[in-house]
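Colleague: The structure follows.
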Amino acid sequence: MIRVAAVGDVHFSDTPDKKLGEYWSRLHEQADLFLLAGDLTTHGGLDQARALASQLESVQVPVLAVLGNHDYHSDQSDRICRLMEEAGVTMLEGSSAILAVNGETIGIAGTSGFGGGFAGACGSAFGERAMKAFIHHTERLAFGLEKSLTEMKTDFRVALLHYSPIKDTIAGERLEIYPFLGSYLLAEAIDRAGADLVIHGHAHHGQEKGVTARGIPVRNVAFPMLHRPYAVYDLERNPAAIAISSESDLVRA
Amino acid sequence: MNADYQYLVAKIQGALAEDPRVNMLDIKIMVIQNRVHIMGEVLSEERRAAAGAVVSAVAPGIEVRNELRILDVSSPAEPEVIID
């Protein structure tokens with residue numbers, strides 16, 4: 001079993017959040033790794049990233065993160081990533097990281113993702129350059145996510161996003177803004193590649209739980225919705241699948 | 001909502017999103033008579049006060065009812081088991 005803690009949308013200002021810090025310092029009692037699902041800062045300020053980095057010093061498990069739309073606002077995303085990396089956080093964008101925990105492996109594939117909407121009511125790469133660029137951006141990020149997930153040969157695979165891949169977990173938000181909250185292209189990529197869990201944030205008024213069309217669990221961990229310092233998901237192998245796998249090994253031997 | 005109120009709501013929404021003291025996209029805004037109500041949850045008292053100040057600056061002469069609440073953080077919940 002691998003225990004995954006996750007939260008998104010902490011929107012740090014220039015000063016550390018003591019209350020969150022107290023909870024995070026004890027996170028290792030419940031989890032083996034900690035995922036941050038974007039919107040680390042209020043508007044992508046370096047002082048805000050520093051405040052978060054300082055708060056994360058007390059976390060005793062590996063921390064992995066993606067950026068969110070707020071983190072891009074000041075056009076300093078590269079510097080934010082460098083600053084977070086210097087603080088020991090693994091930043092993901094179209095990339096992945098593999099960790100070994102208690103004899104099992106877990107791969108995290110990360111991207112901010114982007115918008116576009118959901119099947120039946122989504123944008124298309126058609127018309128003005130700006131519109132085509134909007135959709136192509138999401139397509140590129142979805143492609144990178146699929147590639148990262150496909151390449152990982154680990155016991156568990158998790159997709160870490162900021163934007164939502166499905167509608168279920170943004171239910172509660174106004175319908176008019178759905179295209180700015182996520183894209184089905186992300187879910188399609190995840191369903192093609194396969195994963196055990198999808199984590200995202202961004203939808204402050206959404207729901208925690210949903211599934212992709214192929215049944216992969218999706219969890220919205222936006223802090224303003226959770227009202228908790230993080231959520232924890234215990235990933236376990238299906239005993240039946242383990243038995244089948246062992247049998248196959250015996251046959252091969 | 002009359003046309004002027006609609007544009008005022010949009011103007012306030014834009015200001016709350018873009019002002020570096022606030023940068024919030026999900027504050028609910030209602031204009032009733034000559035009052036602006038702002039509702040929702042924010043992470044700190046500083047941001048709550050800043051949101052009120054931003055609205056006052058954008059809508060001078062209009063009463064601002066700041067009904068924003070500070071987000072309440074509870075303890076971490078029990079883990080959810082997800083079987084592969």
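Read the figures in this text as sums done on the coordinates, not as results from a lab. It should be emphasised that the depicted structure is a prediction, and the values quoted were computed from it without experimental measurement. Ideal geometry is used to build each Cβ from the backbone, glycine not excepted, and the neighbour counts take in all protein chains shown.
Colleague: Residue by residue through the stretch A:1-37, note down the ones that are closer than 28 Å to A:ASN238 by Cα and over 20 Å from the mean Cα position of the chain (by Cα).
Modeller: A:GLU29
Colleague: Quick check, is B:ILE62 touching a residue at least 12 places away in the same chain (Cβ under 8 Å) and within 12 Å of chain A (Cβ to nearest Cβ)? Please lay out each step first, then the result.
Modeller: Numbers: touching a residue at least 12 places away in the same chain (Cβ under 8 Å): yes; within 12 Å of chain A (Cβ to nearest Cβ): no.
For B:ILE62, the condition - touching a residue at least 12 places away in the same chain (Cβ under 8 Å) and within 12 Å of chain A (Cβ to nearest Cβ) - is not met.
Colleague: Name the residues in the stretch A:177-205 that are assigned to a loop (DSSP other than H, G, I, E, B) and within 11 Å of chain B (Cβ to nearest Cβ), would you?
Modeller: Step one: list which residues in the stretch A:177-205 are assigned to a loop (DSSP other than H, G, I, E, B), which gives A:181, A:194-196, A:201-205.
Those that are assigned to a loop (DSSP other than H, G, I, E, B) and within 11 Å of chain B (Cβ to nearest Cβ): A:LEU181, A:GLY194, A:ALA195, A:ASP196, A:HIS202, A:ALA203, A:HIS204, A:HIS205.
Colleague: Looking at B:ASP19, B:ASP72, can you tell me which residue is over 19 Å from A:PRO224 (Cα atoms) and among the charged types (D, E, K, R)? Show your work before the answer.
Modeller: On the way: B:ASP72 fails: over 19 Å from A:PRO224 (Cα atoms).
Result of the check over B:ASP19, B:ASP72: B:ASP19.
Colleague: Quick check, is B:SER44 of a type in the set (Ser, Thr, Tyr) and under 14 Å from the mean Cα position of the chain (by Cα)?
Modeller: Values: of a type in the set (Ser, Thr, Tyr): yes; under 14 Å from the mean Cα position of the chain (by Cα): yes.
Here the answer is yes, as B:SER44 does meet what is asked.
Colleague: Out of the stretch A:23-47, which residues are without any contact (Cβ under 8 Å) to a residue 60 or more places away in the chain and within 10 Å of another protein chain (Cβ to nearest Cβ)? Step through it out loud before you land on a result.
Modeller: Step one: list which residues in the stretch A:23-47 are without any contact (Cβ under 8 Å) to a residue 60 or more places away in the chain, which gives A:25-26, A:28-29, A:36, A:40-47.
Answer for the stretch A:23-47, where residues must be without any contact (Cβ under 8 Å) to a residue 60 or more places away in the chain and within 10 Å of another protein chain (Cβ to nearest Cβ): A:ARG26, A:GLU29, A:THR41, A:THR42, A:HIS43, A:GLY44, A:GLY45.
Colleague: Check the stretch A:81-102 and report whether any residue there is within 24 Å of A:ALA195 (Cβ to Cβ) and either touching a His at 6+ places or on another chain (Cβ under 8 Å) or aromatic (Phe, Trp, Tyr) (or both).
Modeller: no
Colleague: Moving on. So B:ARG47 passes all but one of these: (1) more than 25 Å from A:LEU181 (Cβ to Cβ); (2) in a helix (DSSP H, G or I). Which condition number does it fail?
Modeller: It fails just one condition, (1).
Colleague: Does the stretch B:10-38 hold any residues that are within 12 Å of chain A (Cβ to nearest Cβ) and not in a helix (DSSP H, G or I), and which are they?
Modeller: B:ASP19, B:PRO20, B:ARG21, B:VAL22, B:ASN23, B:MET24, B:LEU25, B:ASP26, B:ILE27, B:LYS28
Colleague: Just to verify a result, which residue in the stretch A:1-22, among those that are more than 8 Å from chain B (Cβ to nearest Cβ) and free of Cβ contacts under 8 Å to residues at least 60 places away in the same chain, is surrounded by the most Cβ atoms within 10 Å (Cβ to Cβ)?
Modeller: The residue in question is A:PHE12.
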